[in-house]
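> After the structure tokens below, expect a handful of questions from me.
The values are calculated or read from the model by the stated rules, or taken from the named source; none is laboratory data. The structure displayed is predicted, hence computed values, not measured ones. Ideal geometry is used to build each Cβ from the backbone, glycine not excepted, and the neighbour counts take in all protein chains shown.
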Amino acid sequence: MNKSSTAGAPPRRTIEIVNASLKRRYARERRFRALGLTAVVLGVFFVVLLFADIIGKGHTAFQQTYVRLPVTFDAAVIDPSGTGDPEVLRQANYGALIRAALREAFPEVTERREIRALGAMISVGAPSHLRDQVLADRGLIGTTQEVWLLADDDIDMLVKGHIDRKLPESERRVNDQTLGWVERLESEGRVAKRFNTIFFTHGTSREPELAGIAGALAGSFYTLLLTLLFSFPIGVGAALYLEEFAPKNRWTDLIEVNINNLAAVPSIVFGLLGLAVFIGIFGVPRSTPLVAALVLTLMTLPTIIIASRAALKSVPPSIREAALGVGASPLQTQLHHVLPLAMPGMLTGSIIGMAQALGETAPLLMIGMIAFIVDIPSGFTSPSTVLPVQIFLWADSPERAFVERTSAAIMVLLAFLILMNLSAVLLRRRFERRW
Amino acid sequence: MSTTVEEMQQRSNAMTAAELAGGTESRATVGDVTVADPRMVCRDVDVWYGAKQAIKRVSLDIGKNEVVAMIGPSGCGKSTFLRCLNRMNDTIADCRVTGSIQLDGRDIYDRTLDPVSLRAQVGMVFQKPNPFPKSIYENVAYGPRIHGLTNRRAELDELVSTSLQKAGLWNEVKDRLEQPGTSLSGGQQQRLCIARTIAVSPEVILMDEPCSALDPIATAIIEELIDELRVSYSIAIVTHSMQQAARVSQRTAYFHLGDLIEVGETNQIFTNPRHKLTEDYITGRFG
Amino acid sequence: MHSSTLLVILLGLMGLAYHFGRRRAITTAGGVARINTLHSLPGYYGFYAALWAGIPAFLILGLWTGFQNEILMAIVTAELSPEAVAGTAPGLLVSSIKNLAAGVMASGGATAELQTAAERYVRLQQIAQWSLWVAVLSVALAGMAFAWIKTSPELRARNRVERIVMVILVIFSSIAILTTLGILLSVIFESVRFFQAISPLEFFFGTLWSPQTALRADQVGASGAFGAVPLFTGTLMVSAIAMLVAVPIGLMSAIYLSEYAPRRVRAYAKPTLEVLAGVPTVVYGFFAALTVAPMIRELGMSMGLNVASESALAAGLVMGIMIIPFVSSLSEDVINAVPQAMRDGSYALGATQSETIRRVIIPAALPGIIGGILLAVSRAIGETMIVVMAAGLAANLTANPLDSVTTVTVQIVTLLVGDQEFDSPKTMAAFALGLTLFLVTLALNVVALRIVRKYREQYE
């Protein structure tokens, strides 16, 4: 009887058990599925949060607060002897003009400390702006003009609403007195936000309102250009050799293993290499695009080599056989027939490698790219910094206005990265070929 | 070289497509599709892959305790039809099945019937042995475990051993149940898959060319096993080997380009086919 | 007279050499009509000449600029009188001469002897620069001339050129090995010197880390304490938090995207998640320091917890977010590599989709997933910017994730950024940490890559 219960009868029993458990099993199925969906939603949420946070913090940096004041270009201050000598005009005390204009706008302010506070509302960069105006147009001397003057970063933050006016004075960076002045200027229509050109045309500065990313952008440009010049030929050459010519032996195996491992070595270790070898032994000047490019080349090489080898692999052997068949040498076969077909794939890999290099920070800290450099670099061996390092430096600054600028710099960096990755995707789509 | 092969492939694809397009009108089946004591009853089954019709108005019964063989040239739809019987086609995105397929009088495509409980009743053995990357024991215990057929270890042990015995594998593996299923030979792996299916105590077992990846000796063992399993189960087997169909089945169905051309006693089909296409296939004029 | 000018001139010379080589080949063949008597196409003779003009000159240029200053400095310092050398470290001497020469250091602060040494250094540099020009250009011209003489119809120019190109390709592909060697040598050399000063026992098992910044070598407590255990535990804690975030989210989203998601959802969700992989780490660092850390702090405060402004939790969470796409794309690869036959076999037995995934697919893909996770761990350990910006500098030996901790990478950065002296144990400690980091990540990578490869082979 036992036999029939295991062999003959069970079908009924099985289906009953199965049907009875179905509800529970499907509940578990739904839970598991929901868990998966939650994970995806969380991941997407993080992306949105990250971008919303950066854009929310940074979008205001593309505008800058200016204060309109009637400035009298007093000849006695600018050019007392009336020679019109540019050297004299350049050396003149334009700050005095601004202070005078401020005192005129606020005649009730007389105490010395308060006058200084009044002056602090205008950026220390404003005088040089006046100077440039005068140098461009001598006719201004002796006249009174309404001039838009660059506001100090605290005033900028106040106008943009990053400093809460309702907070008690002790917790606010701007005191009640200054707040009153600003509100008066605002009610007179003397305060306006305009597009922030300084951000894109100036190098960095200790004053947030005068700090720009032009220097870092130039540094990044020179660094990437050199990195591409170094790594593309070397990467393609190495891939060509390893994929097409290399004999299968221990040495090439070793190279293979090495390339795969280098791709996963922490970037900071490359910084140590750069510091000890390129700067320490070969004496490459530190803080320059040259040494940064050398380090980044070593870092991006694995990416380019791996991508280039994949591109070479996707070229069908029939092409090589055809070329060899008409008497081309192996090298001619590669250069004339295989490389052109593999080129889109190699370029895609290189763009992705360059995007990595553009965002890289840690190793560059080791080789002195962290130095405070105001001037916009002019070449491969002039001291410079790069965009991500600039972001790191600004992120460390305590001023509220630097938070805004850091986020804006990140937005610029991300825009470049998105552009590069997009072009890689498009390139891949455009030239995707099926054999 | 490669282009010529590719072209040929394309041409043959184009031909099949053209034939399919031209022959949307299905051909009537010769012979009796019904049996006296059916377990599964299929009527006017159509299967579409997107816009392409793979099965055209096929009707066929599968009786209790019998082996039905489905034969026909490759691409004729016999595997597709088989996969309809336990709704394995559900996993393919744009596959559509119409008509009626009943198991013990219940429509298996009915919305209230769950594919999980259907598949517990209609098991399947595949062309290539596909043991899970687990031990032999766990492979067989997998079905009972997920369905919760037994809660006690002793019962499970008993179930595993009887299933392996029924699949004729017990004597070969009883001492190494903990070894991975993939360590067995091809024929043993296929019998492990059969044991795995039996462990759930299905009513119908579907076999999709179960011996095509095996050597002749392993094939013979499996064929013998199929004959023994007929006592407890209904079996539908797709095969490309006419000899195998002749050896293991009681009834044979001949498929051609999505049509069920002829059904009959296996003896009759192989000795006295009534349809011209069946005869051409049996006598080896194509296929 | 900059070296880059020389570089441009040299490239121009190579172009000229190509032109003349080609012309020369055609003339020796007896004119354009008899070009087929040449062994190779005329262009190859051009390349032949260009390579002869360029390669030896480039080699000289490279070696010269690499070693010129070292040699000149050696000459200058050798001439210094013993009393000038005595009492100051050689490194200090060299840098003060360099600074004097570059005009960075005010000349008033230096002795007259150093002053003359600096002047001599500058003069020598000028001479060296001129001789470099002469040497490079004459070698280039000599190479050209040599090629000119050698060119004849019998010269197998193509084979020669191809062999040289091949040698260049071999050198290119060996750069990977040179890089690894360079890394090893640069960290080992300094580490050995570090371990001569500080015993490895103290370094690997000591629990006090305070690399004192001593202004002078004779100050009290100048040697500092170099017990790296707090750094290791800090690194581990941040990485563990990161993995706790990244593994469940990454793995589950890989499962959802590859097994459940409708095609359209997949088409949008997958690239969106991959955006996380393309965001530079400095951006994550900023996000961690300015958004996540204050958020956690406020949340902790509201629950009455004491949260440091730079907490391991904030850094770990953000690092986890960074690693999500890494885990998910690696897991998706291995999940997709599980053959469909496994899924079919399970479905045919009546398993639901989640049962199939949990009991068949995940166990089958497990080795690959573990390999991927190991790679992710090595990533987390080596990650620098997030922890530099959000984890802090305090070498606390703590198990509280709300505390501030420091990591190996943070210490490497802080020890090496800014003014540094090459001989102090402080600097050398960074290299010892670098060596440890390199070896640990290397071991993880090797093991992980091997597991993943084995796994792939299993299903191929």
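> Can you pull out every residue in the range A:180-201 that is part of a loop (DSSP other than H, G, I, E, B) and surrounded by fewer than 18 Cβ atoms within 10 Å (Cβ to Cβ)?
Selection gives A:E188, A:G189, A:T197.
> Would you say A:A52 is within 12 Å of chain C (Cβ to nearest Cβ) and surrounded by fewer than 15 Cβ atoms within 10 Å (Cβ to Cβ)?
Criteria met by A:A52.
> Right, another one. Would you mention how many residues in the range C:155-201 are crowded, with 16+ Cβ neighbours inside 10 Å, over 28 Å from the mean Cα position of the chain (by Cα) and assigned to a helix (DSSP H, G or I)?
Summing the residues that are crowded, with 16+ Cβ neighbours inside 10 Å, over 28 Å from the mean Cα position of the chain (by Cα) and assigned to a helix (DSSP H, G or I) in the range C:155-201 gives 5.
> Which of the residues that make up the range A:146-176 are surrounded by 14 or more Cβ atoms within 10 Å (Cβ to Cβ) and of a type outside the set (D, E, K, R)?
A:V147, A:W148, A:L149, A:L150, A:A151, A:I155, A:M157, A:L158, A:V159, A:H162, A:I163, A:V174, listed by residue number.
> Whether any residue in the range C:329-345 is touching a Phe, Trp or Tyr at 6+ places or on another chain (Cβ under 8 Å), assigned by TED's automatic domain parsing to the domain that holds C:L442, under 30 Å from A:E16 (Cα atoms) and of a type outside the set (A, V, I, L, M, F, W, C) is what I want to check.
yes
> Which helices (runs of 4 or more DSSP H) does the range B:136-234 wholly contain that include 3 or more residues that are within 13 Å of chain C (Cβ to nearest Cβ) and on the phi < 0 side of the Ramachandran plot?
B:136-147, B:186-198
> If you scan the range A:360-389, which residues turn out to be of a type in the set (G, A, S) and in contact with a helix residue (DSSP H, G or I) (Cβ under 6 Å, 6 or more places away or on another chain)?
Within the range A:360-389, A:A362, A:S384 meet the criteria.
> Anything in the range A:361-400 that is crowded, with 23+ Cβ neighbours inside 10 Å, away from every other protein chain (no Cβ under 11 Å) and either β-branched (V, I, T) or closer than 13 Å to A:A211 by Cβ (or both)? List them, or say none.
Correct list: A:T385 only.
> Ok, one more. Out of curiosity, is C:V452 modelled with pLDDT of 85 or more and assigned by TED's automatic domain parsing to the domain that holds C:V283?
no
> Counting only residues that are charged (D, E, K, R) and buried (at least 20 other Cβ atoms within 10 Å of the Cβ), how many does the range B:23-65 have?
Residues flagged as charged (D, E, K, R) and buried (at least 20 other Cβ atoms within 10 Å of the Cβ) within the range B:23-65 amount to 3.
> Continuing with the same structure: Report yes if A:L324 is at the interface with chain C (Cβ under 10 Å from one of its Cβ atoms) and either surrounded by fewer than 24 Cβ atoms within 10 Å (Cβ to Cβ) or not in a helix (DSSP H, G or I) (or both), otherwise no.
For A:L324, the condition - at the interface with chain C (Cβ under 10 Å from one of its Cβ atoms) and either surrounded by fewer than 24 Cβ atoms within 10 Å (Cβ to Cβ) or not in a helix (DSSP H, G or I) (or both) - is not met.
> I'm trying to understand the selection: among the residues of the range B:118-152, which are farther than 25 Å from B:D175 by Cα, among the small types (G, A, S) and surrounded by 19 or more Cβ atoms within 10 Å (Cβ to Cβ)?
Answer for the range B:118-152, where residues must be farther than 25 Å from B:D175 by Cα, among the small types (G, A, S) and surrounded by 19 or more Cβ atoms within 10 Å (Cβ to Cβ): B:A120, B:G123.
> Just one of the numbered conditions (1) more than 20 Å from C:R358 (Cα to Cα); (2) buried (at least 18 other Cβ atoms within 10 Å of the Cβ); (3) among the hydroxyl-bearing types (S, T, Y); (4) in contact (Cβ under 8 Å) with a residue 40 or more places away in the chain is not true of B:T98; which one?
So the condition that B:T98 fails would be (2).
Yes/no per residue for (1) surrounded by 16 or more Cβ atoms within 10 Å (Cβ to Cβ); (2) part of a helix (DSSP H, G or I); (3) facing chain A (nearest Cβ under 9 Å); (4) without any contact (Cβ under 8 Å) to a residue 24 or more places away in the chain:
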site: C:L231; (1), (2), (3), (4): yes, yes, no, no
site: C:G234; (1), (2), (3), (4): yes, yes, no, no
site: C:V245; (1), (2), (3), (4): yes, yes, no, no
site: C:M252; (1), (2), (3), (4): yes, yes, yes, yes
site: C:A293; (1), (2), (3), (4): yes, yes, no, no
site: C:G304; (1), (2), (3), (4): no, no, no, yes
site: C:I321; (1), (2), (3), (4): yes, yes, yes, no
site: C:I324; (1), (2), (3), (4): yes, yes, yes, no
site: C:L330; (1), (2), (3), (4): yes, yes, no, no
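> Tell me which residues, restricted to the range C:260-289, are within 8 Å of another protein chain (Cβ to nearest Cβ), in contact (Cβ under 8 Å) with a residue 40 or more places away in the chain, more than 30 Å from B:A93 (Cα to Cα) and of a type in the set (A, V, I, L, M, F, W, C).
Passing the criteria: C:L276, C:V279, C:V282, C:F286, C:A289.
> Can you tell me how many residues in the range A:252-268 are without any contact (Cβ under 8 Å) to a residue 40 or more places away in the chain and of a type in the set (V, I, T)?
Here the count works out to 4.
> In the set A:L229, A:L254, which member is closer than 21 Å to A:L387 by Cβ, assigned by TED's automatic domain parsing to the domain that holds A:F402 and surrounded by fewer than 22 Cβ atoms within 10 Å (Cβ to Cβ)?
A:L229
Here is a yes/no grid of residues against (1) at pLDDT 85 or above; (2) closer than 26 Å to C:A53 by Cβ:
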{"site": "C:V94", "(1), (2)": "no, no"}
{"site": "C:V104", "(1), (2)": "no, no"}
{"site": "C:E113", "(1), (2)": "no, no"}
{"site": "C:E119", "(1), (2)": "no, no"}
{"site": "C:W133", "(1), (2)": "yes, yes"}
{"site": "C:I164", "(1), (2)": "yes, yes"}
{"site": "C:L169", "(1), (2)": "yes, yes"}
{"site": "C:F172", "(1), (2)": "yes, yes"}
{"site": "C:L181", "(1), (2)": "yes, no"}
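> Go through the range A:278-294 and count every residue that is free of Cβ contacts under 8 Å to residues at least 40 places away in the same chain and either more than 7 Å from chain C (Cβ to nearest Cβ) or buried (at least 21 other Cβ atoms within 10 Å of the Cβ) (or both).
Count: 3.
> When the residues of the range C:332-345 are filtered to those that are more than 7 Å from chain B (Cβ to nearest Cβ) and either outside any loop (DSSP other than H, G, I, E, B) or modelled with pLDDT of 95 or more (or both), which remaining residue is surrounded by the most Cβ atoms within 10 Å (Cβ to Cβ)?
Checked the range C:332-345; the qualifying residue surrounded by the most Cβ atoms within 10 Å (Cβ to Cβ) is C:V334.
> Determine which single condition A:I319 fails, assuming it passes every other condition in (1) within 7 Å of chain C (Cβ to nearest Cβ); (2) part of a helix (DSSP H, G or I).
Only one criterion in (1) within 7 Å of chain C (Cβ to nearest Cβ); (2) part of a helix (DSSP H, G or I) is unmet by A:I319, namely (1).
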